[in-house]
Structures are given as C-alpha cells and as structure tokens.
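Here the structure comes first, spelled out in structure tokens, and everything after it is commentary.
The values are calculated or read from the model by the stated rules, or taken from the named source; none is laboratory data. Quantities reported herein were computed from a predicted structural model and do not represent experimental measurements. Every residue, glycine as well, gets a Cβ built from its backbone with ideal geometry; the counts of neighbours run over all protein chains shown. Accessible surface areas use protein heavy atoms only, side chains included; no ligands, DNA or RNA. Shrake-Rupley method; radii C 1.70, N 1.55, O 1.52, S 1.80 Å.
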Amino acid sequence: MVRTIAMTRVLTLLTSNHVQVHADASNFADGITKDDAYEHVLMQAEGLFTDQRNWQSRQRRGLVVARLQILAFPEQGSKLGRREAAFVTRDAGFYVLDPSSRKPRLILGPFQGKVACQTIEFGRGVCGAAAATQKTQLIADVDQFPGHIACDGDSKSEIVVPILADTDGSGVKKVVAIIDVDCTVENGFDDLDRKYLGDLADLLGKSCDW
C-alpha cells in the first residue's frame, strides 16, 4: 500500500508536468493485493494516456499495463507461485472494429503473444459474443463455450471485455474494440478481473478518438 501511494504521487507529478511516465511505475510491491495492483494499473494508465488521444498509441500502452498486472496476479497465481504464475497468461491484446467490412467484424489490433486470428465476425467465438452483446465474457473453460474459435490450443480460459464509445455524438455507445486475454489454465480469471478490466475499457472508450 505504501508503494502504491508513493507511486500515485510520482505519477501525479509526472503527468502534471507532461513528462513521460518512468518504466519503474510498472513495478509492484511485494505482497500487494490484487485490488491494489489493479488500482495501480488504472492509475498508471491514466498517467500514460494524458494528452494522447490516438487509440493505437493508447491501446499499446494499455496492453502493457494490463498484461503486467495479469501476469503478476492471475487467479491461479497463489497456487502456482509467483515465478510460475508469470507463464500462465498466454495472449493479451485488442481487436478493433473493422471499418473495411460491410458486416460488423473485428480485426486484430495491438497484442502480445503468438499469432492470433486476424478477423472475427460479431457473434462468433468469445470475442464475437462480447462484441455482439456488449457484455464482458468471462469463460472458465473455453472448450465448453459454444462456437469457441481455437486460435491457440494452449488457451484454457479467457476474458473478453468490450470497449464502448459514442463515436457520432448521438449519445449511444457502440462497440469500437475489445480487450482479449487468454490463460493457459482453466478458471484463470475472476470477478476482480471483470471489474478492473472493465474499468480499463471504460477509460479507453472515453479517452480515445475512435
């Protein structure tokens, strides 16, 4: 908690003076709770997003901070140990709305991991379900999800969070992208991941020019 409070002060100072956030801001204190770690991630994201509304730049930055948190604190981490936990999460990244498609479709955006599916139509697989329903999909076992798209056989669980934005000033928010994270063990994510990745999605939705 002391480390988190101290980092908050550092980030506040840096962003208030329009200076790039230092890489050390990505470090977590030993023994930090998952809640505090996510708060740290969101705080870092806000600092990184200051004065930068380009969605590609923001997603790359958001990907880094989100992945750091998930790698350090997967749901299985307490069972596997901190070192082993670093190998639990397989892929983390974004799909964005494909402007070239006549049908609602997602196209691969910034990501980290192995080669992923390039395009996904709304309604197909976990990502497509999140886009079509505009609701987070928290899947404990991807093999039990109807229509799961097996881009990576090592993926066992998945969380997909839609990013919504009002792009035309109508007041109606629509899906502009999704956050997609895969895990190599079943039950890799929980409601804390749902809540805080949802907060990150909200931040991206309102902070970017889509």
Handout entry: Leading residue by the ranking (most open to solvent (accessible area, probe 1.4 Å)) among those in region 132-153 that are farther than 18 Å from LEU200 by Cβ and either among the hydroxyl-bearing types (Ser, Thr, Tyr) or free of Cβ contacts under 8 Å to residues at least 12 places away in the same chain (or both)
Key = GLN144
Fill in the blank from the handout: Per the filter on region 171-194, residues in contact (Cβ under 8 Å) with a residue 40 or more places away in the chain, in contact with an Asp or Glu (Cβ under 9 Å, 6 or more places away or on another chain) and not in a strand (DSSP E or B) are THR184, VAL185, GLU186, ASN187, GLY188, PHE189, ASP190, LEU192, ASP193
Problem - Residue tally, condition within 11 Å of PRO104 (Cβ to Cβ) and either within 18 Å of the chain's Cα centre (by Cα) or crowded, with 24+ Cβ neighbours inside 10 Å (or both), over region 122-131 - result: 2
